[in-house]
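A short write-up of the structure that comes next.
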Amino acid sequence: MPTPWDCIVVGGGAAGLWAAGTAALRGRRVLVLEKNNKAGVKILMSGGTRCNITHACSDRQIADAFGKQGRFLLSPLSRLPPEEVVQQFHRMGVKTKVEETGKIFPESDKAIDVRDALVQRLIEAGAAIRTGVAVTRVARHASQSGFVVSFANEELDASTVIMTTGGLSFSGCGTTGDGYAWLKAMGHSITELRPALTPILSPAAWVHDMSGITLDDASVTALPDGRMPKGKDAQTFTSRGGFLWTHFGCSGPTAMNVSKYVSELPDYKFASLAIDLLPDVSDSDCLAWLDAACRGSHVQKQISNMLAERIPKRLVNSLLVNANVSAETRMAELAKRHRIAIVERIKGWRIPVCGTRGYPKAEVTAGGVSLTEVDSKTMQSRLVPGLFLAGEILDLDGPIGGYNFQAAWSTGHTAGGHV
């Protein structure tokens, strides 16, 4: 009977590759099994094939970006914070750069450099990797000592297993949620799954007509029931940054960041987004700006030209139609009620939504293995000794900007450090 592996890592994505390298560096006999013909497929596709490695901020800021889930990440992040991720990639020969948004990319703008460095790290540490291997079952060994991992006509024994099979996002990458069933069979519970960081669909023709218009700085709030969210968690429904109007609805970082609140809806009868086109200007200041223009040197200026000073022209025309105001109305003729209607659109224009583009276009899966069932200090299952979990299979999802990769590196590193 062959000697069992110290650790089998099921899934050769971001978390799995990092975990395998860390475990092998500690002298463990490690095997990575990946069902795709090449490892790190999602890494290769991410960031437009550039791979947003992490974000230029503190580990606390990374955790905060995950909201309530972030508390779970504090321990893994303390073991591998963002600055250490960057330093490790530098040691692996991958130079990095920080963009204005805080996103950190490889200097080469090539995601393949990131993937290749991780594979080289684990191989040099003594780990083995097999691709094109579709695992069909992971279970406790009949002796309750160790695990058996099955695929094709073969079974392998392992003292420990690190499950990094990912979720359901980017299904074209082979992430089909295989791990959920295996974990359920071992007693784990899976929280509600839904696509996150995915573009949003709108049924409105006027939205489609603005396809191609981009905003560099807008604030977008998801309104699942048509009302502005209130309370201490209201800010989690809002995202600020880039926004893109598309032929199907909305995209860009802001729309994608709030998409999970759209994905979880049973129907979309009242659902909408509220977009603030001038997030640095208060409602009262915006109204004061228009009031002043109605009395000053701009009285003969058309409202469309006035708004175009701050808002893209194509957007202005649609906004005025929505506010029931003629684009040719001169400022001197602009009634108070029309000014108020315009400000309401500038500061909270409602965009009806009817769904999302789902898992095929989602960058991450919301939901997963309940965090209460995993020890964040080791990433070991609280239910199954010797079973470790890392990456997207967990109930962890953060915003665009390298946060999810950071969570994958840190949780993978922690798991690899304890097998």
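The values are calculated or read from the model by the stated rules, or taken from the named source; none is laboratory data. In this text the structure is predicted, and so the values were computed from the model without any measurement. Positions of Cβ are generated from backbone atoms using ideal geometry, with glycine treated the same way; all protein chains shown enter the neighbour counts.
Listed here are the residues, each with its yes/no results for (1) modelled with pLDDT under 95; (2) within 15 Å of Ile340 (Cβ to Cβ).
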position	(1), (2)
Leu273	no, no
Trp289	no, yes
Val299	yes, no
Leu307	no, yes
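Can we say Ser58 is within 30 Å of Thr136 (Cα to Cα) and of a type in the set (S, T, N, Q)? Answer is no for this residue. Do you know which residues across the range 337-352 are surrounded by fewer than 17 Cβ atoms within 10 Å (Cβ to Cβ), touching a residue at least 24 places away in the same chain (Cβ under 8 Å) and over 16 Å from Trp206 (Cα atoms)? If the condition is that a residue be surrounded by fewer than 17 Cβ atoms within 10 Å (Cβ to Cβ), touching a residue at least 24 places away in the same chain (Cβ under 8 Å) and over 16 Å from Trp206 (Cα atoms), then Ile340 is the only one that fits. Please verify whether Val10 is farther than 30 Å from Thr136 by Cβ, assigned by TED's automatic domain parsing to the domain that holds Gly172 and β-branched (Val, Ile, Thr), treating the condition exactly as stated. So Val10 fails the test. The set of residues in the range 318-371 being hydrophobic (A, V, I, L, M, F, W, C), out of contact with any helix residue (DSSP H, G or I) (no Cβ under 7 Å at 6 or more places or on another chain) and closer than 30 Å to Val384 by Cβ consists of Ala362 alone.
Every listed requirement among (1) surrounded by fewer than 17 Cβ atoms within 10 Å (Cβ to Cβ); (2) closer than 17 Å to Leu31 by Cβ; (3) touching a residue at least 40 places away in the same chain (Cβ under 8 Å) is met by Gly187 save one, (2).
Can you name the residue in the range 354-375 that is touching a Gly at 6+ places or on another chain (Cβ under 9 Å) and in a helix (DSSP H, G or I) and, of all such residues, is surrounded by the most Cβ atoms within 10 Å (Cβ to Cβ)?
Keep residues of the range 354-375 that are touching a Gly at 6+ places or on another chain (Cβ under 9 Å), which gives 354-357, 359-360, 362, 364-369, 373.
Retained after the next criterion (residues that are in a helix (DSSP H, G or I)): 359-360, 373.
Values: Tyr359: 22, Pro360: 12, Glu373: 18.
Only one residue tops the list, namely Tyr359.
The criterion of being exposed (fewer than 15 other Cβ atoms within 10 Å of the Cβ), free of Cβ contacts under 8 Å to residues at least 24 places away in the same chain, more than 27 Å from the chain's Cα centre (by Cα) and under 25 Å from Thr54 (Cβ atoms) holds for Glu124. The residues of the range 43-85 that are touching a Ser or Thr at 6+ places or on another chain (Cβ under 7 Å), more than 19 Å from Thr101 (Cα to Cα) and of a type in the set (D, E, K, R) amount to a single one, Arg79. Evaluated against (1) under 30 Å from Gly252 (Cβ atoms); (2) surrounded by 13 or more Cβ atoms within 10 Å (Cβ to Cβ), Gly212 falls short on exactly one condition, (2).
In the set Leu31, Leu77, Leu25, only one residue is of a type in the set (A, V, I, L, M, F, W, C), over 18 Å from the mean Cα position of the chain (by Cα) and closer than 20 Å to Gly166 by Cα; that residue is Leu31.
A quick yes/no check of all residues on (1) at positive phi; (2) in the same structural domain as Phe66 (by TED's automatic domain parsing); (3) assigned to a helix (DSSP H, G or I); (4) more than 21 Å from the chain's Cα centre (by Cα):
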site	(1), (2), (3), (4)
Glu328	no, no, no, yes
Ala332	no, no, yes, yes
Arg345	no, no, yes, yes
Val384	no, yes, no, yes
Gln406	no, yes, yes, no
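Of all residue pairs spaced 6 or more apart or on separate chains, those with beta-carbon atoms under 8 Å, a first member in the range 361-390 that is among the acidic types (Asp, Glu) and a second member that is in a strand (DSSP E or B) are Glu363/Ala196; Glu373/Ser381; Asp375/Ser381. Sub-7 Å Cβ pairs linking a first residue in the range 248-276 that is in contact (Cβ under 8 Å) with a residue 40 or more places away in the chain and over 25 Å from Gly402 (Cα atoms) to a second residue that is of a type in the set (Asp, Glu) and outside any helix (DSSP H, G or I), at least 6 apart or interchain, are Phe270/Asp225, ordered by first then second residue.
Answer with yes or no whether Thr378 is among the polar types (S, T, N, Q) and outside any helix (DSSP H, G or I). In short, yes. State whether the residues of the range 137-149 include one that is of a type in the set (Lys, Arg), surrounded by fewer than 18 Cβ atoms within 10 Å (Cβ to Cβ) and outside any helix (DSSP H, G or I). Yes - at least one qualifying residue is present in the range 137-149.
So which residues in the range 171-184 are part of a loop (DSSP other than H, G, I, E, B) and surrounded by fewer than 22 Cβ atoms within 10 Å (Cβ to Cβ)?
The first filter runs over the range 171-184 and keeps only residues part of a loop (DSSP other than H, G, I, E, B), leaving 174-177.
Within the range 171-184, Gly174, Thr176, Gly177 qualify.
Does the range 289-307 contain any residue that is farther than 19 Å from Val353 by Cβ, surrounded by fewer than 17 Cβ atoms within 10 Å (Cβ to Cβ), without any contact (Cβ under 8 Å) to a residue 40 or more places away in the chain and among the hydrophobic types (A, V, I, L, M, F, W, C)? Yes, the range 289-307 contains at least one residue that is farther than 19 Å from Val353 by Cβ, surrounded by fewer than 17 Cβ atoms within 10 Å (Cβ to Cβ), without any contact (Cβ under 8 Å) to a residue 40 or more places away in the chain and among the hydrophobic types (A, V, I, L, M, F, W, C).
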